[in-house]
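Here's the structure, in structure tokens; my notes come after.
Taken together, the values in this text are just the output of simple stated rules run on the coordinates, not laboratory data. These numbers come from a predicted model, not from an experiment. Every residue, glycine among them, receives a Cβ derived from its backbone with ideal geometry; neighbour counts consider all protein chains shown.
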Amino acid sequence: MTNKKKRGFPTAFTVLFIILILAAGLTYVVPSGKFSRLAYESQSNEFVVTDPNDSVVTFPATQETLDKFKIQLGLDKFVDGVIQKPIAIPDTYTRIEQRPQGPLDIIKAPIEGVFDTVDIMVFVLILGGIIGIINKIGAFDAGIAALSKKTKGKEFILVVLVFLLTTLGGTTFGLAEETIAFYPILMPIFLVSGFDAITCIAAIYMGSSIGTMFSTVNPFSVVIASNAAGINFTNGLTYRVIVLVLGSVITLAYIYWYAKKVRLNPEASLVYEDEHVIHERFLKDYDSESKVQFTIRRKLVLLIFTLAFPIMIWGVARGGWWFEEMSALFLADAILIMIFSGLSEKDCVNTFIAGAADLVGVVLTIGLARSINIVMDNGFISDTLLNYSAELIAQMNGGVFAIVEMIVFSVLGFFIPSSSGLAVLSMPIMAPLADTVGVSREVVINAYNWGQGLMSFITPTGLILVTLEMAETTFDKWLKYILPLMGIMGVFSIVMLVINALL
């Protein structure tokens with residue numbers, strides 16, 4: 001009798017492609033529709049209104065024009081550049097000709113996804129090249145050995161520090177995609193410290209996710225959503241800080257419970273059967289018995305690499321940077337590392353190319369994830385779902401309104417993964433509904449933030465599959481880990497939202 005080979009869970013590529021096909025299928029089922037949109041043109045000081053048939057009409061940039069279109073926002077929000085993207089105009093939803101996405105559209109979408117995300121891809125490839133050079137000269141090995149001696153018996157402090165730093169970045173400036181850069185440097189440290197890959201992913205990914213979910217002053221979510229809702233983002237700030245602290249404590253406790261269980265019994269790790277693959281990826285040349293010296297050259301190379309991170313965070317938070325600037329920063333970092341590496345020019349270039357090649361799978365995952373959003377956008381189903389959602393929650397009582405709205409934003413967060421895009425599209429429609437049920441508009445802001453943030457724990461169209469591909473971990477392992485916490489955080493968020501609605 002022959003033993004049947006155990007069937008493994010599909011790779012990130014297969015999961016994404018299946019979701020791509022399902023998303024295309026939705027464009028046959030969900031009616032296509034559009035809201036009229038209003039945008040401010042600063043040069044002519046006019047409002048440009050585009051209707052569902054793509055006809056364009058201009059109006060004077062006055063408060064009377066905004067009142068005419070039932071947009072409950074001050075003119076200053078547009079003139080001062082607070083609202084920069086086109087916003088949906090209430091009560092203008094119109095069905096349009098169905099735009100189903102067929103087989104040709106499905107095949108073209110990944111190509112378009114690559115074009116749309118090439119800036120992120122370049123960033124990841126440069127990062128891979130740098131990691132290759134640092135590994136080549138043994139700097140990581142020496143640094144990890146030195147660090148493990150100093151943290152002996154206090155390893156969980158590393159988890160707490162990483163979690164708190166990424167949470168702080170998430171809640172203040174929306175740290176998310178930038179965390180891709182953290183895995184190559186932190187994963188080896190976590191593994192040598194006795195943690196598994198899931199714990200490292202949780203510390204980084206859940207740190208930034210909890211931060212962005214319970215955002216306090218993040219300009220890309222709570223600030224832009226508050227402005228689009230016609231309220232000041234400081235409304236309810238104290239309450240959001242309290243919820244952030246409580247949510248962080250709950251998440252850290254969950255991470256600690258799992259990490260302790262794995263340390264007591266390594267076979268309890270959800271990725272135990274993949275441990276050799278993960279170690280091959282991140283600790284390929286590491287030898288715990290090796291006496292690799294932490295030389296001045298290796299210290300200097302690690303210092304150059306590490307200094308790029310606070311500069312990147314400053315650039316994103318204060319300098320208006322995005323992936324073009326971040327890629328340029330790490331390219332300059334790579335050149336400096338090459339100069340001080342002690343390797344020959346040929347070794348530097350070949351090692352950089354080999355390191356970048358190691359992350360080709362990751363960058364292709366990024367493009368494929370984007371293709372799902374492209375198919376849904378081209379099918380024009382997002383506005384339809386928003387219109388259905390607005391009709392669903394209208395006239396509900398306060399507590400139920402808050403709960404259902406959070407669920408609605410969780411669903412919308414799958415179809416519109418951009419926090420700023422969802423805010424500008426939905427708030428002019430959703431925020432006034434709060435007035436009709438007698439709750440504060442800050443409840444809508446929190447429902448939007450917490451609903452979309454909760455879905456980000458598992459949304460394949462977001463960062464999670466890219467992260468898992470980087471960490472050599474499959475989606476099913478992550479789901480086993482995160483679904484209990486997701487349930488806990490869902491209940492916690494609903495309770496805090498109902499309290500918010502009743503205050």
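The distance from the alpha carbon centre of region 443-473 to that of region 480-499 is 14 Å, rounded to a whole number. The 3J(HN,Hα) values that the Karplus relation (6.51, -1.76, 1.60; θ = phi - 60°) gives for region 362-374 are, in residue order, 5, 5, 5, 4, 4, x, 5, 4, 5, 4, 5, 5, 4 Hz. Gly and Pro appear as x.
Taking the Cα centre of the chain as origin, sum charge times position over the Cβ atoms of Lys and Arg (+1) and Asp and Glu (-1), and report the length of that vector in debye to the nearest 20.
Working: 34 positive and 42 negative charges, 316 e Å.
That gives the chain a dipole magnitude of about 1520 debye.
I'd like the distance separating the alpha-carbon centroids of region 299-376 and region 214-273, in whole Å. Answer, in whole Å: 27. Here the simple spin-label model places points 7 Å from the Cα toward Cβ, and for Tyr28 and Gln293 these points are separated by 6.8 nm. The label point for Asp347 and the one for Leu237, both projected 7 Å from the Cα toward the Cβ, are 5.3 nm apart. Around the Cα centre of region 36-86, unit charges on the Cβ atoms of Lys, Arg, Asp and Glu (plus for the first two, minus for the last two) sum to a dipole of about 160 debye.
Restricting region 269-362 to GluC sites (Glu not before Pro) that sit in a DSSP loop and have at most 16 other Cβ atoms within 10 Å of their own Cβ leaves Glu289.
Residue order for Ile242, Ile313, Ile134, Ile393, fewest other beta carbons within 10 angstrom first, comes to Ile242, Ile313, Ile393, Ile134. For the chain, adding -39500 (n - 2.57) for each run of n ≥ 4 DSSP H residues and dividing by the number of residues yields -21000 deg cm²/dmol at 222 nm. Within the chain, all pairs of alpha-carbon atoms sorted by distance into 10 Å bins from zero give the percentages 4, 18, 27, 26, 16, 8, 2, 0, 0.
Measuring nothing but alpha carbons in region 1-145 and taking Rh as the Kirkwood radius, the Rg to Rh ratio lands at 1.20.
To the nearest 20 Debye, how big is the dipole of region 60-158 about its Cα centre, given +1 on the beta carbon of each Lys and Arg and -1 on that of each Asp and Glu?
640
Restricting region 84-178 to GluC sites (Glu not before Pro) that sit in a DSSP loop and have at most 14 other Cβ atoms within 10 Å of their own Cβ leaves Glu97.
Within the chain, the longest run free of exposed loop sites, counting trypsin sites (Lys or Arg not before Pro) that sit outside DSSP helix and strand states (H, G, I, E, B) and have at most 11 other Cβ atoms within 10 Å, spans 292-503. Please compute, over every Cα-Cα pair in region 170-268, the percentage with a separation greater than 22 angstrom. Tail fraction, whole percent: 41. What fraction, in whole percent, of alpha-carbon pairs in region 36-86 exceed 16 Å separation? Cα-Cα pairs in region 36-86 separated by more than 16 Å: 32 percent. Projecting the alpha carbon convex hull of region 231-350 along each direction and taking the average yields 12.8 nm².
Taken along the Cα-to-beta-carbon direction at a fixed 7 Å, the label points for Met486 and Glu267 span 2.9 nm.
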